[in-house]
Amino acid sequence: MKIYTKKGDQGTTGLIGGTRVLKSSMRIESYGTVDELNSYIGLVRDQTIKEELKIQLIEIQDRLFTIGSSLASDPEKSTMKIPDLNDEDVAALEKWMDEMNDTLPEMRSFILPGGHTTVSFCHIARCVCRRAERIIVDLSQHEFVAALVLTYLNRLSDYLFMLSRKISQDLGAVEQPWKPRV
């Protein structure tokens, strides 16, 4: 099977279900940004972090493929069975965040991104996640988007923030509090 089809040479692509849309459409932008997020999470996973965190990130990457499949489907024409998110996926993120939070010092201010390259990668992933969420919120105002997609991405950005703090702690990096000039 060849990776190239030449069907997209004129700036369109096919959704699951056969509908052709512009590559600049909000739906394509949505799942393209989720794909970008998945790649950044892979970058975090490739760092020297605890194995339990790598296992969590692999599960998250799987869910992001699920979200991408949902967003790449024409909700009116696709008959293909694609995987679904479920409430347990959101609950898993919440559980992992609670476990991390139990080991972290209380936050008394905003924290500046940075302190270690791996921590910075987490913050970049968090920002891309927030961008994906914004784009998908906009898409959901015009086209069908499964409700759990937005819930999962909202929780995932929180998870990525907590992950940055946990990895910072594990690596002995210093969290730099934001001290606003007033």
Residues being under 12 Å from Val149 (Cα atoms) and of a type in the set (D, E, K, R) - total across region 77-98: 3
Region 1-41, residues that are touching a residue at least 12 places away in the same chain (Cβ under 8 Å), of a type in the set (Ser, Thr, Tyr) and in a loop (DSSP other than H, G, I, E, B): Thr19, Ser24
Inter-residue pairs, beta-carbon under 7 Å, first without any contact (Cβ under 8 Å) to a residue 12 or more places away in the chain and in region 54-81, second assigned to a helix (DSSP H, G or I), 6+ apart: Lys54/Arg45
Conditions (1) farther than 18 Å from Met162 by Cα; (2) buried (at least 16 other Cβ atoms within 10 Å of the Cβ); (3) not hydrophobic (A, V, I, L, M, F, W, C): number failed by Gln56: (1)
Test: residue in region 66-76 that is farther than 19 Å from Met162 by Cβ and assigned to a strand (DSSP E or B): yes
Hey, Arg27 among the basic types (Lys, Arg) and either at pLDDT 95 or above or surrounded by fewer than 16 Cβ atoms within 10 Å (Cβ to Cβ) (or both) or not: no
The lone exception for Met107 - which of (1) in a helix (DSSP H, G or I); (2) over 23 Å from Ala147 (Cα atoms); (3) among the aliphatic types (A, V, I, L, M) it fails: (1)
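The values are calculated or read from the model by the stated rules, or taken from the named source; none is laboratory data. All values reported here derive from a predicted model rather than from experimental measurement. When we count neighbours, we look across all protein chains shown, and the Cβ atoms used for this are built from the backbone with ideal geometry, even at glycine.
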